[in-house]
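Notes follow once the structure below has been shown.
The values are calculated or read from the model by the stated rules, or taken from the named source; none is laboratory data. Just so it is clear, the structure is predicted and the values come from calculations on it, not from any experiment. Counting neighbours? That spans all protein chains shown, and the Cβs are built from the backbone with ideal geometry, glycine included.
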Amino acid sequence: MVTPAVKPDEPAVSDEPVAPAPRRQALVAVLVRVVAALGAGVLLFLSGPPRTLWWLAPIAFAVLGWVLVGRRARAGFGYALCFGLGYMVPLLAWTGEFVGAVAWLPLSAAEALLVALPGAAIAVVTRLPAWPVWAALLWVAGETLRSLFPFGGFPWGNVAFTQPEGVYLPLATVAGTPLIAFAVALTGFGAAALARRLLDRDRTVRRLLAPALATVLPVAAAFGAIPLVGTDANDGTAVVAIVQGNVPRAGLDFNAQRRAVLDNHAARTQELADDVAAGRAEQPDLVIWPENSSDIDPFRNPDAWGRIESAAQAIDAPIAVGSVLVGDDGRGRNTVLLWDPEQGPVDQYTKRKLQPFGETMPWREFFGLFTSFADRAGDFVPGTEPVVFGMGNARVGLATCYEVAFNGVVRESVEGSNLLAVPTNNATFGYSEMTYQQLAMDRVRAVEHGRSVVVSATSGVSAFVRPDGSVSQQSGMFTDAALVERVALRSTTTLSDRLGSSPEWVLSLAGLAALAAAIVIRRRARAS
């Protein structure tokens, strides 16, 4: 048998398979969508404090919507996971300040996975008419899930907390943080749907009207809610002092210098008393010290008792003292003591929501396999009931530090109050953005509940927040300060307070109903 010769002008045949051009194009398209989703998550992070780029948030959702529309659930899960990583990894970097990446990266990954779940659902409902509405509802459902799981919930990344400077903020007084999240997501998803219609040259008024309304109506509703934001002092006023005594140095080891921290706050209160006596400052009706301002249990340490008592008598006003009390079981309680200048401690509130990887260590033995920092986290006992302090004519509700992220905890704390205090200790987290993220939450809570908010931090940022969410005074970081201001006392019950938790559940269930409808419609289409 003779093998035919290959002609010189014929191309040689290769044994290696050549990928078809459509396959390469599909791979490039996937990579573009991955980068776009990741970048959209970063945009959402950049929209939040300390930056004032709130308008990046709806743009982030517009990009996410563009990526997810028409995709299958599995693809939606993957793209939304990239979005979640782009958002959560930089947002939660502060959690690694004392435990390291062993806490930061797994927590960020877990939160990103919880973003991916609604992402998969959103991809499914994009085949429905009016999909931006259903997609925004499912985003709220995802935030509701993150407020419950893992570790008792971790709602730190809720979209509302990126909006203290934004036009959407007045919606907080109507239905709290879920409504803000819904409005921001709806604007973005509506813009994505509108852009696709325009690029598809599907430009009839009938086809453009629905996505245009989805884009514009949330902003219009926010402007319409402005008159509902009350700022009047309908329950009088009170002169409040914030004492920020500062800490010897940043980081978790500030606890090793507990006496120095207590001395700093007592000494700064004495300085304020001297300023009052000299007429340089107004006499306060009440004083708010930060969380952990006395990590020495005054009931077990006479010196600590004496320092606090002397400070209260010098300023001649009740002080809310952030302290750590040790129970008979030897475990700590993160407690705020109401210290009267004449009677001493007369009331107390114990923090109910404890911070994972700080006051508690989830899966301590597991994480202990990877880092010794796991042993440095606390083993605190949570409180069970909200408490309102009677301080002069002020009735002060308390939400300690991490608690301010939780809708239900703050709502319970505000009930029966006319002023909200947030004692906090951010020294553990160094110069990270954590303190500014938390201040953003305080500002949203002020509007949501119609209260002035007093933020007292060991090392900053301490601040006075008006009921409209604006900041009237704030301190710097890692400096001592005493801020004094006459604040509005308000006993108003906002519409958000009256509705309670129902908005987030109604919005979430509506989103899940839309998802169920999309699944049923798809199955029927396949069957036919």
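Working carefully through the options Leu420, Leu507, Leu512, find the one that is of a type in the set (A, V, I, L, M, F, W, C), buried (at least 22 other Cβ atoms within 10 Å of the Cβ) and in the same structural domain as Thr177 (by TED's automatic domain parsing).
Details: Leu420 fails: in the same structural domain as Thr177 (by TED's automatic domain parsing); Leu512 fails: buried (at least 22 other Cβ atoms within 10 Å of the Cβ).
One residue alone meets the criteria, Leu507.
Residue by residue through segment 321-361, note down the ones that are under 31 Å from the mean Cα position of the chain (by Cα), charged (D, E, K, R) and assigned to a strand (DSSP E or B).
Those that are under 31 Å from the mean Cα position of the chain (by Cα), charged (D, E, K, R) and assigned to a strand (DSSP E or B): Arg333, Asp347.
Against the conditions (1) more than 30 Å from Val124 (Cα to Cα); (2) within 19 Å of the chain's Cα centre (by Cα); (3) modelled with pLDDT of 95 or more, where does Pro503 fall short? Just the number, please.
Unmet condition: (1).
Among the residues in segment 238-260, are any at pLDDT 95 or above, crowded, with 16+ Cβ neighbours inside 10 Å and in a helix (DSSP H, G or I)?
Within segment 238-260, none of the residues are at pLDDT 95 or above, crowded, with 16+ Cβ neighbours inside 10 Å and in a helix (DSSP H, G or I).
Before we move on, is Gly152 among the small types (Gly, Ala, Ser) and either assigned to a loop (DSSP other than H, G, I, E, B) or at pLDDT below 95 (or both)?
Numbers: among the small types (Gly, Ala, Ser): yes; either assigned to a loop (DSSP other than H, G, I, E, B) or at pLDDT below 95 (or both): yes.
So Gly152 passes the test.
Please enumerate the residues belonging to segment 473-490 that are surrounded by fewer than 15 Cβ atoms within 10 Å (Cβ to Cβ) and in a loop (DSSP other than H, G, I, E, B).
Correct list: Gly476, Thr479.
If you scan segment 74-120, which residues turn out to be over 21 Å from Ala427 (Cα atoms), of a type in the set (Ser, Thr, Tyr) and either modelled with pLDDT under 95 or not assigned by TED's automatic domain parsing to the domain that holds Val140 (or both)?
Ser108
Which of the residues that make up segment 261-308 are of a type in the set (Asp, Glu), crowded, with 20+ Cβ neighbours inside 10 Å and without any contact (Cβ under 8 Å) to a residue 60 or more places away in the chain?
Selection gives Asp295 alone.
Can you name the residue in segment 36-86 that is of a type in the set (Val, Ile, Thr) and not in a loop (DSSP other than H, G, I, E, B) and, of all such residues, is farthest from Gly166 (Cα to Cα)? So that I can check it myself, show each step before the final result.
Filtering segment 36-86 for residues of a type in the set (Val, Ile, Thr) gives 42, 52, 59, 63, 67, 69.
Among the residues that remain, those that are also not in a loop (DSSP other than H, G, I, E, B) are: 42, 59, 63, 67.
Details: Val42: 18, Ile59: 13, Val63: 19, Val67: 25 Å.
My answer is Val67.
Looking at segment 319-344, which of the residues that are in contact with a strand residue (DSSP E or B) (Cβ under 7 Å, 6 or more places away or on another chain) and more than 16 Å from Glu291 (Cα to Cα) is surrounded by the most Cβ atoms within 10 Å (Cβ to Cβ)?
If we filter segment 319-344 for residues that are in contact with a strand residue (DSSP E or B) (Cβ under 7 Å, 6 or more places away or on another chain), which is where we start, we get 319-327, 332-340.
Retained after the next criterion (residues that are more than 16 Å from Glu291 (Cα to Cα)): 327, 340.
Values: Gly327: 11, Asp340: 17.
Once the filter is applied, the top-ranked residue is Asp340.
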